[in-house]
1. Once you put a point 7 Å from the Cα of VAL124 and another 7 Å from the Cα of VAL62, both along the Cβ direction, what distance in nm separates them?
2. Between VAL85 and TRP55, what FRET efficiency comes out of the Förster formula 1/(1 + (r/R0)^6) with R0 = 35 Å and r the beta carbon distance, rounded to 0.05?
3. Evaluate the distance, in nm, between pseudo-label points positioned 7 Å from the Cα of TRP73 and of TRP14 along their respective Cα→Cβ axes.
4. Given Cβ point charges of +1 (Lys, Arg) and -1 (Asp, Glu) and nothing else, what value in debye, to the nearest 20, does the dipole of the chain about its Cα centre take?
5. With every protein chain present, what accessible area does PHE48 have (1.4 Å probe, heavy atoms only), rounded to the nearest 10 Å²?
6. Among ALA41, GLY108, ILE29, which residue has its Cα positioned farthest towards the positive end of the charge dipole of the chain, with +1 placed on the Cβ of Lys and Arg, -1 on the Cβ of Asp and Glu, and the dipole taken about the Cα centre?
7. Output the DSSP H helices from the chain with an along-axis C-alpha extent of no less than 30 Å and a mean Kyte-Doolittle hydropathy no less than -1.0.
8. Tally up the carbon and sulfur contribution to the accessible surface of the chain as a whole percent, 1.4 Å probe, everything protein left in place.
Amino acid sequence: MAIDVKAEWAKRSWWLNLIMLFSLFMVFIYTPFDVILKPVAEDEDVWFGYMFTGWAAKVGGVVHCIVSAAIAWGLWKMRPWVWWVGGLYLSQVALAMFLWPLFQSESGLIGALIAGTLFAIPAVAFWRSKDQFQGAV
């Protein structure tokens with residue numbers, strides 16, 4: 001059974017395709033390296049602006065992988081639930097990218113505003129894309 005790549009790509013807007021591809025990158029390339037190959041002592045994972053280290057980071061990495069896989073699959077199939085799952089996850093990432101530089105790095109408020117805003121753009125776009133998932137089965 002051949003997949004019509006053009007038709008599949010046309011199901012979603014270009015930026016949803018980018019989020020799907022990024023999610024696949026996280027599932028198949030970045031997270032396996034992070035969880036399996038990176039030594040426990042060097043592992044770090046940020047959730048809601050708090051950096052976890054060691055085994056807690058490994059667990060967080062597995063959770064990131066599961067969520068990324070769900071988002072990628074949901075976007076591939078254009079499932080209605082991916083709208084709120086993706087929106088929540090991207091909002092969490094935007095919040096984390098604001099809080100972490102604000103409290104745990106030297107970049108301060110300016111760095112937090114820049115990072116938070118950059119990551120808020122796809123989160124807001126995702127929340128505003130509900131109509132793209134209407135009628136999806």
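1. 3.7 nm
2. Values: r = 26 Å, r/R0 = 0.74.
Computed FRET efficiency for TRP55 and VAL85: 0.85.
3. 3.0 nm
4. Numbers: 9 positive and 9 negative charges, 121 e Å.
Roughly 580 debye, rounded to the nearest 20.
5. 120 Å²
6. Looking along the dipole axis, the top candidate is ILE29.
7. Values: long enough: 54-77 (35 Å, 1.04); 82-104 (31 Å, 1.24).
Qualifying helices: 54-77, 82-104.
8. Details: 6250 of 8430 Å².
That share works out to 74 percent.
The values are calculated or read from the model by the stated rules, or taken from the named source; none is laboratory data. Keep in mind that this is a model prediction, so the values were computed, not measured. Note: ideal-geometry Cβ built from the backbone for every residue, glycine included; neighbour counts use all protein chains shown. Just the protein is used for accessible areas: all its heavy atoms, side chains included, with ligands, DNA and RNA removed. Shrake-Rupley method; radii C 1.70, N 1.55, O 1.52, S 1.80 Å.
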